[in-house]
1. Report yes if some residue within the stretch 15-26 is in a helix (DSSP H, G or I), at negative phi, modelled with pLDDT under 90 and loosely packed, with under 10 Cβ neighbours inside 10 Å; otherwise report no.
2. If THR185 meets every condition in (1) of a type in the set (Ser, Thr, Tyr); (2) within 24 Å of ALA76 (Cβ to Cβ); (3) assigned to a helix (DSSP H, G or I) apart from one, which number is that one?
3. Quickly run through the stretch 36-64 and pick out the residues that are of a type in the set (A, V, I, L, M) and more than 21 Å from the chain's Cα centre (by Cα).
4. Within the stretch 53-94, restricting attention to residues that are hydroxyl-bearing (Ser, Thr, Tyr) and in contact with a Phe, Trp or Tyr (Cβ under 7 Å, 6 or more places away or on another chain), which residue is surrounded by the most Cβ atoms within 10 Å (Cβ to Cβ)?
5. Can THR185 be described as closer than 23 Å to ALA85 by Cβ and polar (S, T, N, Q)?
6. Please indicate, with yes or no, whether at least one residue in the stretch 205-219 is closer than 19 Å to GLY121 by Cα and in contact (Cβ under 8 Å) with a residue 12 or more places away in the chain.
7. What pairs come out if I take residues in the stretch 77-103 that are among the aromatic types (Phe, Trp, Tyr) and pair them with residues that are open to solvent by 30 Å² or more (accessible area, probe 1.4 Å) and outside any helix (DSSP H, G or I) whose C-beta lies under 9 Å away, six or more apart or interchain?
8. Against the condition in a helix (DSSP H, G or I), surrounded by fewer than 23 Cβ atoms within 10 Å (Cβ to Cβ) and small (Gly, Ala, Ser), how does ALA234 come out, does it pass?
Amino acid sequence: MSRSLALALSIACGAASVPAPAAAADELRYEVWPSVAITTGIGLVMAGELAARGALAPESCSWCEPGGFDRSITEALAWERHEWATTFSDVGLLLLPASAIVLGFAEDGAEDGAIDALVFGEAFAVNFLVTEALKFSVGRQRPMVLYLGEDHPKVSEHEKDWYVSFPSGHASAAFTSVAAMATITDLRGRDPTAIWLIGIPAATAVAYFRVAGYHHWTTDVLAGAALGTVVGLAVPRLLHGPGGLTPRDEEEESGAGVRPVQVFQLGGSF
């Protein structure tokens, strides 16, 4: 009996002596310089593009006819009450970025949450600019012009948007929101799995509603989803991740900012 007790105590003490895993390091860097200059520059370019959008939008289509693939899916998915699909896509587009910002403040507090919001805003703005540049360059006609006609109120009230179908801005913004949120969470040392599991279906729903509302062809939303995901993954890491444009601060370089991990350990012989 005494040998059994000694063996049990030995196993228990051995398990207690295993070091606890260290928490993942917070690798997100946001220094006043050059980060503020980058954030400000991206914001100014985005504001300028919004102001000049009417003049930049193409006045005729370069890509006018959809292929059979796009036609068949649009005709299968389009809603009779397409205005509802438009509303749902707009609501989804508002909720995803708002959720990303709220999550940053909830997880990281006021100061770091504000930094998370700025980093997220950079990714969102870069995606917007790239998406708009592609829209103006490609000049693809929206399905609403073909299916609803130029005299339909939904179409006639937005004449400057007739030929900016590719890629979908809603889809790219939705997927950028999810990817940037997950990337920032990962850089902060937390597991982003839940964000991917919840965010991807939500972003996919936004893309679906854009097709159902006659705003985009399926290939528009697929391209937007791919673009948004790439931008959301890349921009936070390139600008604020390890090895990115934001330098390490002096404390981190010297190792003074590294906190020791305390390990509770028991030992003994039986």
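1. Of all residues in the stretch 15-26, those in a helix (DSSP H, G or I) come to 15-16.
Adding the requirement that they be at negative phi leaves 15-16.
After this cut, where a residue has to be modelled with pLDDT under 90 as well, the list is 15-16.
Cutting the leftovers down to loosely packed, with under 10 Cβ neighbours inside 10 Å gives us 15.
The answer is yes, given that some residue of the stretch 15-26 is in a helix (DSSP H, G or I), at negative phi, modelled with pLDDT under 90 and loosely packed, with under 10 Cβ neighbours inside 10 Å.
2. Single failed check for THR185: (2).
3. So the first thing to find is which residues in the stretch 36-64 are of a type in the set (A, V, I, L, M), and the list is 36-38, 42, 44-47, 50-52, 55-57.
Scanning the stretch 36-64 gives ALA37, ALA51, ALA52, ALA55, LEU56, ALA57.
4. SER89
5. Values: closer than 23 Å to ALA85 by Cβ: no; polar (S, T, N, Q): yes.
Answer is no for this residue.
6. So in the stretch 205-219, the residues closer than 19 Å to GLY121 by Cα come out as none.
No, there is no match, as no residue in the stretch 205-219 is closer than 19 Å to GLY121 by Cα and in contact (Cβ under 8 Å) with a residue 12 or more places away in the chain.
7. Sorted first by the residue in the stretch 77-103, then by its partner, the pairs are TRP79/TYR214.
8. Numbers: in a helix (DSSP H, G or I): yes; surrounded by fewer than 23 Cβ atoms within 10 Å (Cβ to Cβ): yes; small (Gly, Ala, Ser): yes.
The answer is yes for ALA234.
The values are calculated or read from the model by the stated rules, or taken from the named source; none is laboratory data. The structure displayed is predicted, hence computed values, not measured ones. All Cβ positions, even for glycine, are placed from backbone atoms using ideal geometry, and neighbour counts span all protein chains on display. These accessible areas exclude ligands, DNA and RNA; they are computed on the full protein's heavy atoms, side chains included. Shrake-Rupley method; radii C 1.70, N 1.55, O 1.52, S 1.80 Å.
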